[in-house]
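Let me begin by presenting the structure, written as structure tokens, before commenting on it.
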Amino acid sequence: MKNIVEIKDLTKKYFNKKALDNITLNIEEGKVVGILGPNGSGKTTLIKILTGLLRQTSGEAFIDEQKVGVYTKSIVSYLPDRNFLYKWMTIEDAFNLFKDFYSDFDENKFEEILNFMELEKSVKIETLSKGMHEKLNLTLVLSRNAKLYILDEPIAGVDPVARDQILDAIINNYNDKSSMLITTHLVRDMENMLEDVVFLKDGNIVLTGNAESLREEKGKQIDDIYKEVFSQ
Amino acid sequence: MIKYMKYEIKGTYKYILGILALVLILITGIYTYISRANRGSHIGTIFIGLSVLVLFGTALATFLYIVGSFRKELYDDRGYLTFTLPLTGNQIVGSKLIVALLWFAILGTAIAMYNIVMALILNPVEVNLSELLSMVSHIISMKEIVVIILGLIFNGVNMLVLIYFSMALSRVTFRNKRIGGLWFVIFLILSGVIAYGQYNVGELLPYYVDLNTFNIESMNTLRHQLNMGINTGIMMSTNIAASIYSIAITVILFIGTGYLIEKKIDL
Amino acid sequence: MEFNNNLPIYIQIMNLIKSKMVLGEFNGGDKLPSVREFSKELKVNPNTIQRGYQELEREGLVFTQRGMGTFVTQDVDAIKNLKKKMADELIDGFFKEIKKLGIEIDEIKKIISERIEEDKE
């Protein structure tokens with residue numbers, strides 16, 4: 001199977017601290033992959049390199065066989081771990097911006113998900129709560145028919161109702177032509193959605209594999225494996 | 001790029017219109033006071049003084065606001081959107097630049113026009129418009145106006161690009177640590193260095209082009225002309241080498257800024 | 001649904017469907033929920049559901065009709081056997097655990113019949 005993401009010997013240093021230490025990782029097309037690790041394990045650093053917000057110190061990263069750049073940005077749909085929309089916008093403005101810039105943006109899908117998330121187009125973004133922000137951002141990101149979705153902590157800090165809606169939206173929009181890369185430290189809530197998991201600890205991959213095989217092999221759920229790996 | 005400019009304008013127009021309204025109201029106030037309080041009351045003086053201060057303050061704030069729109073991309077969360085759009089660094093810088101110029105042009109023109117209108121209304125001196133125009137054209141030719149406007153635009157671009165470059169550079173130095181005001185220090189140093197370079201280039205190749213005739217002349221003939229009083233009105237000549245130099249610097253800084261934000265910034 | 005025990009998710013999904021078959025919630029010839037529907041309902045990756053269905057098919061408990069979906073087998077014996085097998089598994093587990101307590105077979109009989117009497121009341 002074709003790899004949508006190929007990462008080779010990727011290292012990112014801040015001063016002398018290594019946020020990523022020589023990581024090699026391939027992600028197959030059509031897979032939902034979870035990058036698991038506590039805060040500061042390098043998850044966000046990895047994602048920022050893939051989205052072009054950060055430069056690696058050494059090593060290489062390819063998406064759809066291209067170096068990170070304008071092309072990869074056009075096929076990657078990225079949900080940052082913060083509110084990235086312009087403050088002056090209404091939901092409608094954000095919708096127009098996505099429609100203008102991303103040719104893979106699907107208007108009908110947007111209306112559908114927005115409806116599901118119970119959000120109104122006329123609302124100003126500044127007035128949204130944390131959970132609503134997260135829902136809106138995810139709506140925009142999932143409305144693209146992107147080759148690769150990169151979701152950074154999609155359910156961190158949202159209430160249980162919003163969390164369920166977000167998980168549902170992700171599941172509903174799963175299709176075998178695109179891949180998803182999801183970072184999380186809330187493993188219990190997310191693990192059933194993941195096919196492959198990558199455990200990241202202090203910038204190193206300490207464990208990786210198919211989620212079901214790991215459950216079979218260790219006789220444990222991924223959440224329990226996570227606790228075992230990171231409690232040491 | 002046009003698309004991006006659209007959102008840049010949408011995001012700033014309310015502030016700009018607000019500023020414009022404020023400035024126009026203040027100007028109206030000033031003119032009204034001037035026309036009424038001819039004897040120069042204390043309150044009138046204080047009011048005018050304050051208004052002028054506010055006008056200066058507003059001008060500075062507006063300048064910083066427009067220029068700061070670039071800085072916000074580098075430091076605020078909105079950069080997460082801007083820098084993941086499928087745009088090159090040059091497209092982003094170019095959009096910011098054009099929109100900034102547009103605002104300055106609109107503000108400048110609107111305020112200038114308003115001043116003229118107010119002056120005409122409040123000092124109802126019988127002015128024959130065609131007479132006025134012919135008077136103006138006697139002092140300054142159409143060609144000169146075009147050259148002056150082009151010069152203004154070029155200087156504006158020049159300065160904005162230098163500011164953007166300084167901001168981008170200050171963002172990537174010291175491993176992307178945030179240091180307040182560093183960009184201004186970089187801006188001052190670069191301005192100095194560039195001006196020094198420009199002066200030297202001009203000295204080295206002292207050939208000038210007369211913008212009225214497009215003749216190339218050396219400094220000596222130019223001085224000669226000046227002494228003879230041939231070149232009346234505004235001196236319309238520019239050093240060829242220095243002009244090329246400053247165009248080249250502007251282009252380099254522009255591309256450099258695009259490169260920095262596309263390839264170097266760690267958000 | 002919470003998946004709490006130590007088995008892979010696809011096996012837990014198989015067990016869920018099996019118990020519904022045994023209870024008659026799914027009868028012979030009934031259509032199972034589509035992979036997508038089930039995936040949404042359980043919030044589980046569709047590929048995991050797919051695997052569960054495939055394994056059930058291998059065990060002869062369901063069959064797939066192209067373009068139609070997955071259906072519960074109409075083989076009544078197969079369901080009966082399943083019920084027997086599941087009961088056996090439970091009893092095996094029970095015996096394994098209760099023997100650990102050092103309880104003899106006669107005593108087990110006594111405890112069970114007492115319990116049955118209690119439940120009747």
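The values are calculated or read from the model by the stated rules, or taken from the named source; none is laboratory data. This is a predicted model, so every value here is computed, not measured. Neighbour counts are summed over all protein chains in view; Cβ atoms, including those assigned to glycine, are modelled from backbone coordinates with ideal geometry. Ligands, DNA and RNA are excluded from the accessible area calculation, which covers all protein heavy atoms including side chains. Shrake-Rupley method; radii C 1.70, N 1.55, O 1.52, S 1.80 Å.
Quick notes on this one:
- Degrees, to the nearest 10: C:46-58 long Cα axis against longest axis of chain C: 70
- Chains B and A together, accessible area buried on both sides, 1.4 angstrom probe, square angstrom: 2800
- Taking all protein chains into account, the per residue accessible area for chain A stands at 39 Å² (1.4 Å probe).
- Between helix C:9-22 and chain C there is an angle of about 70 degrees, using the helix long axis and the longest principal axis of the Cα atoms.
- Both chains summed, the buried accessible area for C and A stands near 1700 Å², from protein heavy atoms and a 1.4 Å probe.
- Separation of the alpha carbons by more than 24 angstrom is noted, of A:73/B:96; A:31/A:73; A:18/A:218; A:8/A:48, for A:18/A:218.
- Taking every alpha-carbon pair under 8 Å whose residues sit at least 6 apart, chain A reaches a relative contact order of 27 percent.
- Minimum 40 Å² accessible area buried by the other protein chains, the range A:59-81 residues, probe 1.4 Å, relative to alone: A:70, A:73
- Residue A:17/residue B:195 FRET efficiency (R0 35 Å; Cβ-Cβ; nearest 0.05): 0.30
- Carbon plus sulfur fraction of accessible area for the range C:9-74, probe 1.4 Å, in percent: 45
- Axis of helix C:76-100 versus longest Cα principal axis of chain C: the two differ by about 40°, to the nearest ten degrees.
- Share of carbon and sulfur in the accessible heavy-atom surface of the range B:1-127 [1.4 Å probe, %]: 74
- Contact with the other protein chains removes 10 Å² or more of accessible area, compared with the isolated chain and a 1.4 Å probe, from these residues of the range B:1-16: B:3, B:4, B:6, B:7, B:10, B:11, B:14.
- Bridges between two residues of the protein assembly as shown, per DSSP, are antiparallel at a rate of about 65%.
- Contact with the other protein chains removes 50 Å² or more of accessible area, compared with the isolated chain and a 1.4 Å probe, from these residues of the range A:177-220: A:192, A:212, A:216.
- The range A:14-43 versus the range A:95-110: alpha-carbon centroid distance in Å: 29
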